[in-house]
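Here's the structure, in structure tokens; my notes come after.
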């Protein structure tokens with residue numbers, strides 16, 4: 001029987017020399033059955049491939065008539081042909097690995113998963129191992145980032161059964177970097193414009209791969225303007241064009257610039273932003289003392305808080321503008337040596353005193369808030385943002401006011417009359433008592449006469465006498481010489497503040513608005529009032 005098989009095999013080999021056991025041959029699919037795929041390889045009988053050797057994806061892609069490469073496992077005397085597509089793949093992969101290892105050439109592989117000590121990779125259906133140290137020239141920040149990727153690897157070790165294949169991606173990367181480095185060094189010099197890829201981003205700058213050599217682009221060399229972090233401008237993997245600023249060949253240290261590709265905008269800033277020009281910009285930063293406005297990339301101006309509003313009551317800059325707002329402002333000053341531009345916001349609004357001149361006149365009633373109190377009066381803030389003075393002498397017609405706080409409270413809203421107005425000198429005075437008629441002109445002369453005995457309320461004691469309020473109308477002074485007290489008693493012991501007493505008018509000075517009183521020779525006394533009760 002064995003002799004017959006041998007003779008048959010020799011006969012086949014002589015008639016069809018390309019069909020031999022253990023070889024890879026091409027065939028054509030004639031049928032796809034539930035248990036096998038039938039293939040015609042040009043022999044007297046067709047071959048069968050077990051269905052298990054195909055994945056679902058491979059099966060779905062197969063059709064009758066398709067050409068396929070198979071491994072000829074066996075030819076027997078009965079004409080049965082055993083085929084294997086899986087062994088064909090492995091044999092081709094073995095040949096690929098042998099050639100790659102022999103010629104020291106990289107081959108393509110797919111990183112399947114991360115396992116203990118490294119990665120499992122797939123080379124055309126053959127599983128291989130890539131140690132973690134062979135994944136890259138430097139440890140990967142994220143070891144999973146290459147999982148699922150197709151990569152080029154170099155074969156370090158293998159056996160014919162393909163059960164122990166070890167590969168390296170690191171060697172391929174290192175060789176490529178050396179090749180690129182040699183090419184890069186030929187053109188690398190200060191002043192050269194070069195393209196690179198962002199490799200890493202830190203707080204202080206960006207590392208860019210120029211091709212085998214990394215260069216540092218410091219954050220201060222990214223933009224002529226303000227940036228918070230390099231990641232605001234660049235992303236890892238981004239291709240960029242940079243300028244070589246410095247190159248230390250001995251240490252292979254490269255300093256790069258990005259903003260230097262354009263001229264410094266401050267060199268001609270005076271031409272574009274002359275004093276007095278109205279400009280537009282975006283608010284990019286707020287501080288307690290003002291707002292920074294970006295006029296163009298690399299050029300910012302400062303609107304100081306004092307230049308935001310004409311009002312003397314300064315508010316925080318955030319009251320007027322917010323980050324991201326687009327504003328118009330006036331150029332107030334340009335200092336190219338210090339790279340400073342001063343801007344004004346209030347200059348685009350009418351001056352408050354110009355509005356006051358148009359809106360108010362002497363004798364007109366106005367409304368404002370008490371901004372501050374002083375010994376000589378109060379400052380009243382008007383809606384236009386200016387302060388007018390309310391002198392202490394213009395608070396009351398009849399009362400002696402020691403301090404404005406006796407009548408007014410800070411922040412209180414009041415009505416007053418314009419007494420004096422000088423917009424050109426930024427001066428304005430108001431009166432509170434002028435809201436009412438002057439009682440010294442009619443009411444006091446008609447109600448109070450010399451010799452009248454009047455009811456009074458004790459207000460305060462002084463060295464000149466006792467100040468009293470007469471008939472809830474006006475203040476008067478009981479002279480010290482006109483006060484009588486029991487022997488050994490002081491006036492303040494007999495006449496206490498708040499006491500109701502009777503006094504006689506002995507002097508009326510309408511011109512100087514003074515009334516003098518006496519406690520002597522009274523016809524009417526409080527005791528008599530008590531007797532009547």
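The values are calculated or read from the model by the stated rules, or taken from the named source; none is laboratory data. Bear in mind that the values here come from a model prediction, so they are computed numbers and not experimental data. Because the Cβ atoms are built from the backbone with ideal geometry, glycine has one as well, and the counts that use them run over all protein chains shown.
Values computed for the structure shown
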| quantity | calculated |
| --- | --- |
| Residue match in the range 185-201 (condition: part of a loop (DSSP other than H, G, I, E, B) and in contact with a helix residue (DSSP H, G or I) (Cβ under 6 Å, 6 or more places away or on another chain)) | no |
| Residue that is nearest to residue 85 (Cα to Cα), among those in the range 48-69 that are in contact with a strand residue (DSSP E or B) (Cβ under 9 Å, 6 or more places away or on another chain) and assigned to a loop (DSSP other than H, G, I, E, B) | 54 |
| Cβ pairs under 7 Å, 6+ apart, first in the range 490-515 and under 14 Å from residue 456 (Cβ atoms), second at pLDDT below 90 and outside any loop (DSSP other than H, G, I, E, B) | 501/526; 502/526 |
| Strands (runs of 3 or more DSSP E) fully within the range 411-469 counting 2 or more residues that are closer than 21 Å to residue 388 by Cβ | 413-422, 427-431 |
| Candidates 477, 522 - the one that is in contact (Cβ under 8 Å) with a residue 24 or more places away in the chain and part of a strand (DSSP E or B) | 477 |
| Of the criteria (1) assigned to a helix (DSSP H, G or I); (2) surrounded by fewer than 13 Cβ atoms within 10 Å (Cβ to Cβ), which one residue 280 fails | (1) |
| Residue 274 vs. criteria surrounded by fewer than 13 Cβ atoms within 10 Å (Cβ to Cβ), touching a strand residue (DSSP E or B) at 6+ places or on another chain (Cβ under 9 Å) and farther than 23 Å from residue 199 by Cα | yes |
| Hits in the range 109-143 - residues which are in contact (Cβ under 8 Å) with a residue 40 or more places away in the chain and either more than 19 Å from residue 171 (Cβ to Cβ) or out of contact with any strand residue (DSSP E or B) (no Cβ under 7 Å at 6 or more places or on another chain) (or both) | 137 |
| Members of the range 480-517 that are in a strand (DSSP E or B) and exposed (fewer than 13 other Cβ atoms within 10 Å of the Cβ) | 500, 509 |
| Whichever residue in the range 48-76 is farther than 26 Å from residue 107 by Cα, crowded, with 18+ Cβ neighbours inside 10 Å and modelled with pLDDT under 80 and, among such residues, is farthest from the chain's Cα centre (by Cα) | 75 |
| Output for the range 361-390, where each listed residue is over 39 Å from the mean Cα position of the chain (by Cα), touching a residue at least 24 places away in the same chain (Cβ under 8 Å) and surrounded by fewer than 16 Cβ atoms within 10 Å (Cβ to Cβ) | 361, 362, 363, 364, 365, 367, 374, 375 |
| Which numbered condition residue 430 fails, given (1) more than 20 Å from residue 372 (Cβ to Cβ); (2) surrounded by 12 or more Cβ atoms within 10 Å (Cβ to Cβ) | (1) |
| Selection status of residue 472, more than 20 Å from residue 375 (Cβ to Cβ), modelled with pLDDT under 90, in contact with a strand residue (DSSP E or B) (Cβ under 9 Å, 6 or more places away or on another chain) and surrounded by fewer than 16 Cβ atoms within 10 Å (Cβ to Cβ) | yes |
| Residue 458 within 22 Å of residue 514 (Cα to Cα) and either more than 60 Å from the chain's Cα centre (by Cα) or in contact (Cβ under 8 Å) with a residue 12 or more places away in the chain (or both) | yes |
| Residues satisfying the stated conditions in the range 392-416, i.e. crowded, with 17+ Cβ neighbours inside 10 Å, more than 49 Å from the chain's Cα centre (by Cα) and over 18 Å from residue 469 (Cβ atoms) | 392, 394 |
| Pair list, Cβ under 8 Å, 6 or more apart: the range 79-102 residue touching a residue at least 24 places away in the same chain (Cβ under 8 Å), other residue in a helix (DSSP H, G or I) and surrounded by 15 or more Cβ atoms within 10 Å (Cβ to Cβ) | 84/53; 85/53; 86/53 |
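Yes/no per residue for (1) at pLDDT below 90; (2) part of a strand (DSSP E or B); (3) closer than 26 Å to residue 323 by Cβ; (4) over 21 Å from the mean Cα position of the chain (by Cα):
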site	(1), (2), (3), (4)
211	yes, no, no, yes
217	no, yes, no, yes
225	yes, no, yes, no
236	no, no, no, yes
240	no, yes, no, yes
